[in-house]
Each structure stands twice: as structure tokens, then as C-alpha cells.
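Some notes on the structure that comes next.
Rule-based calculations on the coordinates, nothing more; no lab input. Keep in mind that what you see is a predicted model, and the values were worked out from it rather than measured. Neighbour counts are summed over all protein chains in view; Cβ atoms, including those assigned to glycine, are modelled from backbone coordinates with ideal geometry.
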Amino acid sequence: MSSITYGGQSYQCKEHETVLDCLTAHDVTIPSSCHAGLCQTCLMQAVKGAVPANAQAGLKPTLAAQNYFLACACHPEDDMEVMLPQSGIEKLTATVTAIDALNTEIVSVQLRPETSLTYKAGQFINLYKDSTTVRSYSLASVPEIDEHLLLHVRRLPNGQVSHWIHQALKIGDSVEISDATGDCFYTATDLDQSLLLIGTGSGLAPLYGIIRDALAQGHRGTIKLYHGSKAVESLYLSKELESLSGQHGNFVYQPCVSGSTVPRGFASGRAHDVAIKENPDLSGWRIFLCGHPEMVSSGKKLAFFAGASMRDIYSDPFLIMDKNPATVC
């Protein structure tokens, strides 16, 4: 059993616990969001003790060299003394310029950063409600097309940040955000490659950005989008996507409904099942999966077994921490 020292206090870390688990169990508040080593919100720095290599996966080499690590991914092998970073993740101030309802559950939030933010459509940023309450949201905006950052925020039960955004955030408010990160975005490496994009719920956000980015860069290959939900009312941006399909002959939009009532023009079934059924041979395709973690996991396997290379499968699972309602987005 290792000892974790933070703020002058030492805590015993159980064998199965991460540094974040240990500190949280002792009522120490550490900024965190995904609990999966993706968003880097729980970045900490080791003052003493060795940092396991897997706790630094995905960090910039300059941060790893300074003993920064992700608390949610760190299973300590020895005693450690840790602290919150004095620097590392730079916060930017942004102004809310628009909030619009996309359906009864999801709003579109536009943000104007005070300083320039370099990003690619489909990456994500962290949005801070306060110093310790933060969540990650994917970017639906395209820097060459959209003037402001664009997020799609679904209101979730017990979601501290999503409820704040839906109920309290106003146009003109200032918020803090992080730089953009993530590798789920389009690159113009092969303009003739076929693209398959599968999303559920607000997982459409990064896909909407990726599609518009690909088309703006002159992508010539087939682009197919399957967006799914249990009920047709939960789908959104249908008119915009149908219009985009009408303007670009290589773009196909297929809405999917897995519930009992399926209107004409909608595919019946889960989006990833429909997508694989209609495209059984994905050899040479590039795949993007965004939304519910179970869909993303299942979709990866189905795409791989259908012939897609793992290096051509990009994903953005929208993680929901059901075991702790306080951490739900």
C-alpha cells in the first residue's frame, strides 16, 4: 500500500486505487472530468516519487519531463508527494455569444475566445463551471468556416455543468476554457478515401464539424453519416444535414431510430448496426465513431471485423460517470 502526500497530509492508497481515487475518497477535491485519461483535467505534478509511465500517456513530452501525470490513470508503485500544477493547462477566457435549442435535450453554445485558439473540427475543449467543476465538450465548429467556437451540450440527469449551461448560462457571460485537444478530426491525406461517420445523441457535434471540414477541403470520396437515437425527437440538425447532402453528391445522411416508431426516411435500428449492415465491406475506409461509450466500443469491433484498419478508426466516447452522479456532465 502506497502513501500519497498532498497539501501536507498523507493518505494511504489502496492497491486498486488511482491517485485520484485515493484523494477523492479522503474528501480532497481535485479537478476531474472523464476519469479515463482522455481530457487531462486531473493533471497533477509529482514532487517526490516515481511516476508510472502509463500515467503520462498522451501528455506533451515537456510536461512528462517535469513529472506531470494524470491522477485518474496513476496507480502508484511507491510513495508519492503530489501537487496541483502551477502551470501546464492554460485557461482561456471566452464570451458566450449565442445559446440556441437544437431539441428538447441539447443546446448549441457559441463561444468567442478573447485570444486566438488553434484547433481542428472534432477536437474537444474543457469548459470550467468553477475551479474544480469542469467537463469536456467536442467542437462542432470549423475554424475556416465558423467565426466562433460551437458546442452541443446535452442536459443530463444530475449533470452539474450541463444543468448550469442549460439553466444559468447567458449570452454575454465570460467562461474559462482550455486549449483544444484530441485526435478525432479530419486530415486531407487521401481525398478519395471513403469516410463513415457514426454518432449517437450529441455525438453529432464533432461529426458535424468533421463533415463540413472534409467537404471544405475538397474531399472527393464518399462520406456517409449515420446519426442515431431511440426517438426521432432526439435527432437534430436534420434539415441542415439534408441540405448539405443536396449540395454535395458525395455526402449521404441517414438518420436512424432504434425505438418502435420509425417514420419514413429513417432507418430502423441502432446507428452502428445499420451502418455496418449497409456497408459490410469497410476495407480502406476511414471511420469516425462519436457518442455513447457502448456504441463506440461495439462500433469499433464491427468496423474492424468489416475490414477497416484500426489505424483508420477514430473515436470520441462521451463518457458518463454513472457510479457518481456528481461527475455526470
field: Descending semi-axes in Å of segment 166-306, equivalent ellipsoid built from Cα gyration tensor
entry: 24, 21, 16
- line: Cross-link reach from LYS277 to lysines, straight Cα distance under 30 Å and at least 8 residues apart if same chain, gives LYS224, LYS230, LYS239, LYS300, LYS301
- request: Below 23 Å Cα-Cα, how many Lys pairs turn up in segment 17-158? Only count pairs eight or more apart in sequence, or on different chains, if you could.
  value: 5
- line: The relative contact order of segment 91-182, taking Cα pairs under 8 Å that sit 6 or more residues apart, comes to a percentage of 39 percent
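Determine the dipole magnitude for the chain: charges of +1 sit on the beta-carbon of Lys and Arg, -1 on that of Asp and Glu, nothing else is charged, the reference point is the Cα centre, and the result goes in debye to the nearest 20. Show your work: numbers first, answer last.
Working: 24 positive and 33 negative charges, 141 e Å.
Computed charge dipole of the chain: roughly 680 debye.
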task: Work out, step by step, the length gained on full extension between THR132 and ALA50: first 0.36 nm times the residue separation, then minus their alpha carbon distance; give nm to one decimal.
output: 26.9 nm
task: Go ahead and set up a Gaussian network model of the chain, Cα springs under 10 Å, then flag whichever of GLY265, GLY221, GLY122 fluctuates most.
output: GLY265
task: Work out how much length GLU114 to GLU77 would gain on full extension: take 0.36 nm times their residue separation and subtract the Cα-Cα distance, in nm to one decimal.
output: 9.1 nm
field: Candidate lysines - alpha carbon under 18 Å from LYS14, same-chain residues fewer than 8 apart omitted
entry: none
The chain - percent relative contact order, Cα under 8 Å, separation 6 or more: 14 percent
- prompt: By how many nm would the segment from LYS301 to ILE171 lengthen if fully extended, with 0.36 nm per residue of separation less the alpha-carbon distance?
  reply: 42.6 nm
statement: Output row, site SER268, 7 Å Cα→C-beta label point, backbone N cut-off 13 Å, window segment 182-201, residues none
task: Taking Cα extents along the principal axes in Å as the quantity of interest, determine which of [x] 66, 47, 33; [y] 63, 46, 39; [z] 78, 51, 38 was computed from the displayed structure.
output: [y]
- line: With no solvent term and unit scatterers on the alpha-carbon positions of segment 91-182, Debye gives log₁₀ I(q)/I(0) at q = 0.15, 0.18, 0.24 Å⁻¹ of -0.50, -0.75, -1.41
